[in-house]
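Single-structure report; data block below.
The values are calculated or read from the model by the stated rules, or taken from the named source; none is laboratory data. Please read these numbers as outputs of a predicted model, since none were measured by experiment. Don't worry about glycine lacking a Cβ; one is built from the backbone with ideal geometry, like all the others, and counts go over all protein chains shown.
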């Protein structure tokens, strides 16, 4: 299997800073997980720079996934595994595909950090946006399925599924600007002039029109588990940034590969004719059809906001790497990425001013 297509059983050796007391976890599972059969074996999933994720196997061959907070001093409101557990539990009542939530443990005495367990969903993970090695028809079907699931998420009645208190209604853009400005300031290491300019530009350009839906916050191709042979999403994962918010912020973030290149994941800016992946305009038009929109005003603002937020996140990953709390290769390169994202955001901001 190529690096561009991974399996949900791709496991690496547990990073030293993410190791925990596996015997304590086994004792906890024996007491709280019905049907658990010892012994317990633990492996760490490849990828992920935020909440470490592990594959658990018991003596009967049952597989579960554990997500936990990372070690070390954490930024306020970050790594909220309880919120991840809450949203996937609620979305099980909807037509949005998610892994089944099993158990939440907020007691750090068990393994050192809060964690939750969910079912292991076996399938494909697409790590490269251009889907190399696939036919144009396969690429088109995969992007259409991703678009459909995002539209489904934004159509969910959040109050009806028990998520009325999952976030605040209205004012999402302003809150995001304040949150990520604060997170950036808390993790700042070097001068990024574009970030300073964006922190002034964004509050002055918040659109007057507002709406509220469930938002994933990190909705991208890699955060989905796909059927082993069909263009069908079995589970949307990595809900750490989920909340109630503006759906167009989710859509804009999903569309960033059409605006910025990613060294590991590729970009969608210069695909040849007939490649199969839609243009950004086609992708946005499909979303609008599915959500009953005539079009999107202020699209440029939401792109700038998404780039700004991603730059702040990259800065945070870089700071945690300096502090020794991140295991993924390339984490120390995130300062360069943060700078590039901020510069691109400011370029779009100037075009939209």
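At a glance:
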quantity: Test: residue in segment 257-274 that is assigned by TED's automatic domain parsing to the domain that holds residue 337, within 17 Å of residue 152 (Cα to Cα) and at pLDDT 95 or above; calculated: no
quantity: So residue 294, is it under 22 Å from residue 207 (Cα atoms) and either assigned by TED's automatic domain parsing to the domain that holds residue 146 or loosely packed, with under 15 Cβ neighbours inside 10 Å (or both); calculated: yes
quantity: Filter result (in contact with a helix residue (DSSP H, G or I) (Cβ under 7 Å, 6 or more places away or on another chain), in contact (Cβ under 8 Å) with a residue 40 or more places away in the chain and over 14 Å from residue 341 (Cα atoms)) within segment 267-298; calculated: 268, 274, 275, 276, 277, 278, 283, 286, 287, 290, 291, 296
quantity: Filter result (surrounded by fewer than 15 Cβ atoms within 10 Å (Cβ to Cβ) and either touching a helix residue (DSSP H, G or I) at 6+ places or on another chain (Cβ under 7 Å) or over 24 Å from residue 166 (Cα atoms) (or both)) within segment 197-226; calculated: 200, 203, 204, 207, 211
quantity: All strands (runs of 3 or more DSSP E) inside segment 84-145 with 1 or more residues being under 20 Å from residue 70 (Cβ atoms) and modelled with pLDDT of 95 or more; calculated: 101-105, 115-119
quantity: Of residues in segment 1-25 being crowded, with 18+ Cβ neighbours inside 10 Å and over 23 Å from the mean Cα position of the chain (by Cα), the one modelled with the highest pLDDT; calculated: 25
quantity: Within segment 26-59, considering residues that are under 26 Å from the mean Cα position of the chain (by Cα) and at positive phi, the one surrounded by the most Cβ atoms within 10 Å (Cβ to Cβ); calculated: 48
quantity: Residue 337 vs. criteria in contact with a strand residue (DSSP E or B) (Cβ under 9 Å, 6 or more places away or on another chain) and either part of a helix (DSSP H, G or I) or in the same structural domain as residue 260 (by TED's automatic domain parsing) (or both); calculated: yes
quantity: Count of segment 238-261 residues which are over 11 Å from residue 303 (Cα atoms), in a helix (DSSP H, G or I) and under 13 Å from the mean Cα position of the chain (by Cα); calculated: 0
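Table: residues versus (1) at pLDDT below 95; (2) over 24 Å from residue 207 (Cα atoms); (3) assigned to a loop (DSSP other than H, G, I, E, B); (4) not assigned by TED's automatic domain parsing to the domain that holds residue 335.
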residue	(1), (2), (3), (4)
154	no, no, no, no
157	no, no, yes, no
166	no, no, yes, no
169	no, no, yes, no
177	no, no, no, no
191	yes, yes, yes, no
